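The values are calculated or read from the model by the stated rules, or taken from the named source; none is laboratory data. Note that the structure is a prediction, hence the values are computed from the model and not measured. Cβ placement follows ideal geometry from the backbone for every residue including glycine, while neighbour counts extend to all protein chains displayed. Keep in mind that these areas ignore ligands, DNA and RNA; they rest on the heavy atoms of the full protein, side chains included. Shrake-Rupley method; radii C 1.70, N 1.55, O 1.52, S 1.80 Å.
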Amino acid sequence: MNANAPRATLTATEAAALRARITANIARDRSAPPATRGALRFIASHLDRAAEALERKALKDAAQILSDAREMAQLHPDTQFPANFTDYIEAPLTGVALPTLAPFNPVTPALAQQETDLRHRLILVHEKLTRATSEPAIDAWLPIALALQRDLMKLARAVRVDNARPCNQGKPTDA
């Protein structure tokens, strides 16, 4: 990420700024329908601005900019960022737990297994990312975490469709 040699240990604000820049690059590189590309550009731009604010130690400014990026992601779920994706950026500063999606409760066993597998992988990556204090480690684990979140969001949509099928509806009980 950096033109200089990667740093072995980052301060909390440096780590948050790096996470913002990595996430901005992911937003710029993410494939999306034309209607969503503007939202991704907005998010990327705001994440770059948040990184700059973090580098200046302007934490209030960074928090507001991140809030705007989070709101855009919430308004445009096709960006494939979870609603609280900025927690990944703020975690070094706040110590907040890394985000996970609520359980999907799939009816179909194959979808339930996919959910279990993805969540297990995300837990392992979250453990690595939480302990990551170097530029190479953050640069390695954050994109994987966001890709797994994207995969979980896709699975959530598939589960909603599958669970809504008449054959998957629970039978009414006799009262």
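Using only Cα atoms, find the angle between the long axis of helix 12-29 and the longest principal axis of the chain, and express it within 0 to 90 degrees, rounded to the nearest 10. Long axis of 12-29 versus the principal axis of the chain: about 60 degrees.
In this Cβ point-charge picture (+1 for Lys and Arg, -1 for Asp and Glu), the chain has a dipole of about 200 debye about its Cα centre.
Couplings 3J(HN,Hα) for segment 121-136, derived from phi with the Karplus relation 6.51 cos²θ - 1.76 cosθ + 1.60 (θ = phi - 60°), are 4, 5, 4, 5, 5, 4, 4, 5, 5, 4, 8, 6, 10, 10, 4, x Hz, where x marks Gly and Pro. The charge dipole of segment 71-169, taken about the Cα centre with unit charges on the Cβ atoms of Lys, Arg (+1) and Asp, Glu (-1), comes to about 340 debye, rounded to the nearest 20.
Whole number in Å², please: accessible area per residue of segment 87-175, 1.4 Å probe, ligands, DNA and RNA not counted. Intermediate values should be presented prior to the final figure.
Numbers: 5190 Å² over 89 residues.
With the other protein chains kept in place, segment 87-175 gives 58 Å² per residue.
With viscosity set to 1.002 mPa s at 20 °C, what whole-number translational diffusion coefficient in µm²/s follows for the chain from Stokes-Einstein and a Kirkwood radius over Cα pairs?
On the way: Rh = 17.2 Å.
Answer, rounded: 124 µm²/s.
Shown are Lys154, Lys57, whose ranking by accessible area with a 1.4 Å probe and every protein chain present, most to least, is Lys57, Lys154.
Output the peptides 76-83, 155-162 sorted from most to least packed, where packing is the average of other Cβ atoms within 10 Å over each peptide's residues.
Values: 76-83: 19.8, 155-162: 15.6.
Per-residue Cβ counts within 10 Å, averaged per peptide and sorted highest first, yield 76-83, 155-162.
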